[in-house]
1. All but one of (1) under 15 Å from Ala296 (Cα atoms); (2) surrounded by fewer than 14 Cβ atoms within 10 Å (Cβ to Cβ); (3) of a type in the set (D, E, K, R) hold for Arg338, so report the exception by its number.
2. In this structure, is Arg218 surrounded by fewer than 22 Cβ atoms within 10 Å (Cβ to Cβ) and charged (D, E, K, R)?
3. Quick one: which helices (runs of 4 or more DSSP H) sit completely within the stretch 279-381 and have at least 2 residues that are closer than 20 Å to Leu161 by Cβ?
4. Could you list, in sequence order, all residues of the stretch 132-164 that are touching a strand residue (DSSP E or B) at 6+ places or on another chain (Cβ under 8 Å), under 16 Å from Ile311 (Cβ atoms) and touching a residue at least 40 places away in the same chain (Cβ under 8 Å)?
5. Search the stretch 305-323 for residues being under 18 Å from Ile219 (Cα atoms) and free of Cβ contacts under 8 Å to residues at least 24 places away in the same chain, and hand back the single one that is surrounded by the fewest Cβ atoms within 10 Å (Cβ to Cβ).
6. Output the residues belonging to the stretch 1-34 that are modelled with pLDDT of 90 or more, closer than 19 Å to Val377 by Cα and not aliphatic (A, V, I, L, M).
Amino acid sequence: MTTTGDPMRVGIVCYPSVGGSGILASGLGDELAARGHEVHFVSYERPFRLQPGQERVYFHPVEISNYELFKYPDYTLPLSVKLAEVADTYGLDILHAHYAVPHATAATLARAMLPETRRPAVVTTLHGTDTTLLGRDPGYAPAIRYALEASDAVTAVSDFLRSETHRLIGVEREIDVIHNFFDPRPAVRTRDAARQELGVRPDQKLVLHLSNMRPVKRIDVLLNALAKVPDRDRFKVVMVAGGSFTPYQSLVKKLGLENTVIVREHVAVVEDYLQAADVGLFTSDSESFCLSLLEAANFACPSVATSVGGIPEVVENEKSALLVPAANSDAVAAALDRLLRDDDLRANLGRAAQARARAMFSTARIVPQYEALYRRVRPRR
């Protein structure tokens, strides 16, 4: 695939861990490179989902010193210095910061370090907690507000997040909504092979949850809901965990779910399990978008999800998913039981979810929006 128009040099700074922002940033970098652009990732580790061996993709690690002078190691200043170095050395047109703190603050500082004729434009993408969590904290909110106002463009992954950013942080500038995207990569194994590895019988359904396991994902609500679903022998649940599942093992045992819940941590090829699943299950208290929900939808896997944040922008209740109130394990259990019992409903919702995902949240639809934004703000040298 090649780009239409002249190629750009783009620096991307993101968290390399398993989370929506890192996954989106990695996917965006891969797609930009495939379109002929030159992409430079800057972070303390190589992003988890970044494909190896990709042409025109480079990674620049940030070295963090642990001086005795400081009680806590500092990341923002070494990051800003590395961003300035990479931007100057490679003549970057764009510094794209995923998350306001510390990435956008470091990017704006890096830009200020450079001569005016060598300064890239700074684009900041908000993914959620930089607004909904840190935006409420008086120790962070002024820095976030400054970084957003100083950026050449700001995007949010949902209309919900854009509204919350204006409300909580008080920024008055324009924020473009560019939704997340997902196009599956080829699975390594077949659906049957993945199910066999998990010990799922042909007569059983497979329920999938995919997340970083942070408290906001409400794994406790999910597990309590599973315990309330009758006839648990008819399904298994795979928890594809981007973080440690250890804090929830005691609850699994307490609820008697040892034979129901299967955990797989740090999975690189999530497509193996997405294609094997019959139902997705997401019980978050807050979501700016919910990329995992979109990933399941791409495989025609219908989901039960909480009706919070940006989730109703990704799927529609009773049309492409079943949405339930947050923190309500009874409602989650009832909706999951309904999907497990009704084969026609499951198939209809799955087809609708897949059609919506491909029409609204595909790479072909979303990545050109970032390209257009870059061209709008990049310096004319």
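1. With respect to (1) under 15 Å from Ala296 (Cα atoms); (2) surrounded by fewer than 14 Cβ atoms within 10 Å (Cβ to Cβ); (3) of a type in the set (D, E, K, R), Arg338 is out only on (1).
2. On the way: surrounded by fewer than 22 Cβ atoms within 10 Å (Cβ to Cβ): no; charged (D, E, K, R): yes.
So Arg218 does not fit the description; no.
3. Details: elements: 291-297, 311-314, 329-341, 343-360, 363-377.
In the stretch 279-381, 291-297, 311-314, 343-360, 363-377 are the helices (runs of 4 or more DSSP H) which contain 2 or more residues that are closer than 20 Å to Leu161 by Cβ.
4. Keep residues of the stretch 132-164 that are touching a strand residue (DSSP E or B) at 6+ places or on another chain (Cβ under 8 Å), which gives 147-148, 150-159, 161-162.
From what's left, under 16 Å from Ile311 (Cβ atoms): 156-159, 161-162.
Those that are touching a strand residue (DSSP E or B) at 6+ places or on another chain (Cβ under 8 Å), under 16 Å from Ile311 (Cβ atoms) and touching a residue at least 40 places away in the same chain (Cβ under 8 Å): Ala156, Val157, Ser158, Asp159, Leu161.
5. Ser307
6. Matches in the stretch 1-34: Pro7, Arg9, Gly11, Gly29.
The values are calculated or read from the model by the stated rules, or taken from the named source; none is laboratory data. Keep in mind the model is a prediction, meaning the values are calculated, not measured. Cβ sites come from the backbone with ideal geometry, for glycine too, and all protein chains shown count toward neighbours.
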